[in-house]
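Input: a single structure, listed below in C-alpha cells.
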Amino acid sequence: MALLISLFYFFYFALIGVHIIFVPKILSMVGYEPSAIGTVFAAAPLVRFAIPFLFLKGFRLSQKTFFTALGIMALGAIGFYPSLEHFWPLLGVNILFGVGIALILPYIEVIALEQIGKERYGKIRLFGSIGFIAVALVLVQYLTSPHIGIGFLIAMALLTLFFGALIGLKEGKSTSGECDASDEECRFSIRDHTPLWIGFFLMQVSFGPFYNFFTIYTTDHGISLQMSVKLWSFGVIAEILMFYFQGKLLMRNLHALLWITAFITTFRWMLVALFPDSLGVLFASQSLHAFSFALFHTAAISVLFSLYQARRLSQQFFFGISYGLGGFVGALGAGIIYQYAPAYLFVGGAITALGAGIAFRSGFNNQ
C-alpha cells in the first residue's frame, strides 16, 4: 500500500503543479485579465468549502464516493481543453475539477496516517513534491501553446485516477477513519477549537497571491518563465527535505509548530513583496516553503487526527475551510489586488499570515 500511496501522491501533486503553476499563465496567454483569472480560481475552492457540510447530514466519504470523485476530477480536467477560450464553460469545468480533488485527498490522507503514521508520513508524502517539481521542469520546456499545457493537465489527471482507483480497490469497503457523528465520542464541532480553524482559514488566504499569481508576478518583474519555474522547483526541493527530516519535529508540540510556521510565512511574503526582482531574495523566500507548507501541513493534519475521532470528517473540513473557503477568498482577493494595486499583492498575504499566527498562538495559549 505504501508504494501505491507514493505513486498516487506523485501524480496527484503533479496534477496540482500543472494547475497552480501553469494554468494561470496559460489563461493570461489566452487573454484573460487578472480579475477573471482570480474568479476562475476562486470558484472551485468555494465549492470545496461547501462540500464538507454534506457530511454533517449523513453523507459519507465511502469507497463509492471516492471513485465518483476520481471520475469527476478526470472529467473536469478533460473539460479544460474545449472550454479554454470561453469564460463561463471554463468556470464550470474548473468547479467540477475542484469538487473532484476536494473529495479525493482527505480519503487518501487518512489511509496514509493510519497505515504509515505521522512520523513516516513525510517520507511517503514527499513523492507528491517530487511529482510537483518533475512536471514543472518538463512542462516548461514544451509550453509553446496553451493547449499543450492543458494536455499535460489531462494526462496527470488520468494517472491520478488510475492509482487512486487501485488504492480504493485495495482498501475495500473499510470504514476505517469513519464513525457515526451521532455518537458522543465522535461528535464533530468547529466551535470546540475556533482559533485553530480561523488560523487554517487565514493561512490559506495568505497563499492566494502565491498559488494564483506568483508565476505572473515574477515574470511581470522581468524574471523569465524558465527562472520562475526554477523558483517553484527550489521551493519544492526545500519542501521535500522537510518532509523527509520532519519526523523528530512532529514528536514535539504540534500546536506550537502551527503558529511558528505561520509567523515564518509572514516573513516569507514580506520578502517577496519588498524584493520582487531580486533572484537571491526570492530563492531565500522559496526556501521557507519547507516551513510554511511542508511542516505546517503535516502538523495541521496530525493535530486534527489527534483531536477528532471523526477523522475523515475533520480532514474534509480542513481542506474545505482552508483550501476551500481560504482558497476562494485568497484567489479572489489576489486577483482584485493585482489588477488595481499590484505592489501590495504579497503585503496582503503577509498581513493575513500574521493573523493566522495570532489565531494559532491564541488557541495554543488556551490549550
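The values are calculated or read from the model by the stated rules, or taken from the named source; none is laboratory data. Since the model is a prediction, treat every value here as computed from it, not as a measurement. For neighbour counting, all protein chains shown are included, and Cβ atoms are generated from backbone atoms with ideal geometry for every residue, glycine included. In case anyone asks, the SASA skips ligands and DNA or RNA and just uses the protein heavy atoms, side chains included. Shrake-Rupley method; radii C 1.70, N 1.55, O 1.52, S 1.80 Å.
Over the chain, what is the mean sequence separation of C-alpha contacts under 8 Å (at least six apart), divided by residue count, expressed as relative contact order in percent? Write down the numbers at each step before the final one.
Numbers: 598 pairs, mean separation 113.6, N = 367.
Relative contact order, the chain: 31 percent.
Could you report the accessible area of Glu85 in Å², rounded to 10, computed with a 1.4 Å probe on the protein chains as they sit in the structure?
Its heavy atoms expose roughly 120 Å² to the probe.
Accessible area per residue of the chain at 1.4 Å probe, in Å²?
Numbers: 14090 Å² over 367 residues.
Normalised by residue count, the accessible surface of the chain is 38 Å².
What residues from segment 220-241 fall in the zone where the backbone N is under 19 Å from a label point 7 Å along the Cα-to-C-beta line of Phe283?
The answer is 221-241.
I need the phi-derived Karplus couplings for segment 136-153: 6.51 cos²θ - 1.76 cosθ + 1.60, θ = phi - 60°, integer Hz, Gly and Pro marked x.
With coefficients 6.51, -1.76 and 1.60, one gets 5, 5, 7, 5, 4, 7, 10, 7, 8, 8, x, 6, 5, x, 5, x, 4, 4 Hz.
In the structure shown, do any of Lys25/Lys64; Lys170/Lys230; Lys170/Lys248; Lys123/Lys230; Lys64/Lys230 have a Cα-Cα gap over 32 Å, and if so which? Provide the component values of the computation, followed by the final result.
Details: Lys25/Lys64 35 Å; Lys170/Lys230 37 Å; Lys170/Lys248 30 Å; Lys123/Lys230 23 Å; Lys64/Lys230 39 Å.
Flagged as over cut-off: Lys25/Lys64; Lys170/Lys230; Lys64/Lys230.
Could you calculate the contour length gain from Asp192 to Arg252, that is, 0.36 nm times the residue separation minus the distance between their Cα atoms, to one decimal place in nm? Display every interim value, and only then the final one.
Numbers: separation 60, 0.36 × 60 = 21.60 nm, distance 2.25 nm.
Using 0.36 nm per residue and subtracting the Cα-Cα distance, I get 19.4 nm.
Work out, step by step, the length gained on full extension between Tyr244 and Leu158: first 0.36 nm times the residue separation, then minus their alpha carbon distance; give nm to one decimal.
Details: separation 86, 0.36 × 86 = 30.96 nm, distance 2.75 nm.
Length difference between fully extended and current span is 28.2 nm.
Find, among the trypsin sites (Lys or Arg not before Pro) in segment 21-116, those assigned to loop by DSSP (not H, G, I, E, B) with at most 10 other beta-carbon atoms within 10 angstrom.
Lys57
Could you give the nm distance between label points at Ala134 and Lys64, where each point is 7 Å from its Cα heading toward the beta carbon?
The answer from the label model is 3.5 nm.
In a shell of Cβ-Cβ distance under 14 Å around Ala134, excluding Ala134 itself, what net charge do Lys and Arg (+1) and Asp and Glu (-1) give?
On the way: positive: Lys230; negative: Glu239.
Summing Lys/Arg as +1 and Asp/Glu as -1 gives 0.
Could you derive backbone 3J(HN,Hα) for segment 76-91 from the dihedral phi with the Karplus parameters 6.51, -1.76 and 1.60 (θ = phi - 60°), listing whole Hz in sequence and x where the residue is Gly or Pro?
So the Karplus estimates, Gly and Pro as x, are x, 5, 4, x, 4, 5, x, 9, 3, 9, 10, 4, 5, x, 4, 4 Hz.
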